[in-house]
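Please read the structure below before turning to the comments.
What follows draws every value from the coordinates through simple rules; no lab data is involved. Bear in mind that the values here come from a model prediction, so they are computed numbers and not experimental data. Every residue, glycine among them, receives a Cβ derived from its backbone with ideal geometry; neighbour counts consider all protein chains shown.
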Amino acid sequence: MKTNELCEAATERIKRDLTVQAAVAISGAAFASAMGRMTNGYQTLLAVSGARLGSWLPNPWFVEESQKHAEEWTWPHGLQNIRGPYSYLLRELLGINPKAGRLVQVTDGGHYENLGLVEALRRRCTLIYCIDATGDYGPTAETLAQALRLAEFALGVKITLPDPRGPYAPEDLAPGTGKGFEPETAFGALNARLTKGAVVVGEIEYPTASELDNHGEHLIGQLIVAKAVLWDQCGYWLRSYAAENPVFPHDSTSDQWFDEGQFAAYSELGRLIGAAAIAAAGQDGKPRYEPRADSPAPRPA
């Protein structure tokens with residue numbers, strides 16, 4: 001269902017949470033009363049205390065089904081104007097999240113997979129830009145590795161990363177691999193933190209499917225991962241900020257009160273790695289098919 005159709009179906013009070021600002025607030029941290037596969041019991045306390053993020057928003061499935069059954073008076077049409085003060089709290093306490101409910105609890109995606117990569121792969125996207133601002137370091141990049149593992153075992157999608165000696169390899173994300181400064185200079189202390197690269201490019205191989213295969217051939221896509229690292233291509237003032245702030249660019253999620261300097265530094269780093277990610281994709285972003293080793297002979301046209 002399209003976003004604008006969902007907004008039109010929502011009531012005025014609920015529309016206040018269907019904004020970019022609300023989305024940023026909801027995804028501020030993986031801290032909610034429903035945390036998917038990360039649920040371990042203490043989420044009930046978060047629901048009781050109110051110390052959690054997340055919101056009850058219109059369920060796209062319910063709205064779409066309501067449109068299909070518009071002429072059926074027995075179908076429970078419409079979304080409530082307000083969320084019941086007790087009914088939805090009770091659902092959070094008991095962990096009740098029905099698929100067919102009018103509203104669905106929306107929380108940070110980190111409860112399942114912190115990059116959102118698996119959901120993009122589930123939709124068979126052939127060019128994916130993934131921004132990794134987690135606090136782990138290359139080349140192991142635990143968050144990215146976890147996403148690749150989930151993609152392969154949950155969806156059958158294989159992602160191949162470049163050889164360590166090639167361009168856009170995950171090894172280039174390791175601190176200390178970047179072009180350093182003279183040790184005796186003011187920026188010499190940054191050498192152990194500088195990285196050679198900020199982008200990893202991988203090849204996506206989707207399994208054959210009835211709506212995607214081409215007579216037994218695999219659909220091939222491209223994954224572009226931009227990692228928040230102290231890249232050796234950062235400009236002067238950004239390096240200066242990093243020298244004064246040893247944690248940058250891995251400030252904890254608990255720091256929800258960025259000052260002007262932090263906000264400017266992360267914004268500039270985002271622009272740098274974003275431009276590098278776009279450049280890495282190249283001109284050829286079209287999907288292609290490649291035969292499997294056990295593919296049957298192509299059918300005649």
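A few notes on this one:
- Straight-distance candidates among the lysines for linking to residue 68, with alpha-carbon spacing under 16 Å and chain neighbours fewer than 8 residues away dropped: 2.
- One decimal place: the segment residue 186-residue 4 gains 60.3 nm when fully extended, by the rule 0.36 nm per residue minus the C-alpha distance.
- Cβ-Cβ FRET estimate between residue 69 and residue 259, R0 fixed at 45 Å, reported to 0.05: 0.30
- The distance between label points at residue 20 and residue 90 comes to 3.9 nm (points 7 Å beyond Cα on the Cα→Cβ vector).
- Computed over the stretch 184-274, the convex hull of the alpha-carbon atoms projects to a mean area of 8.7 nm².
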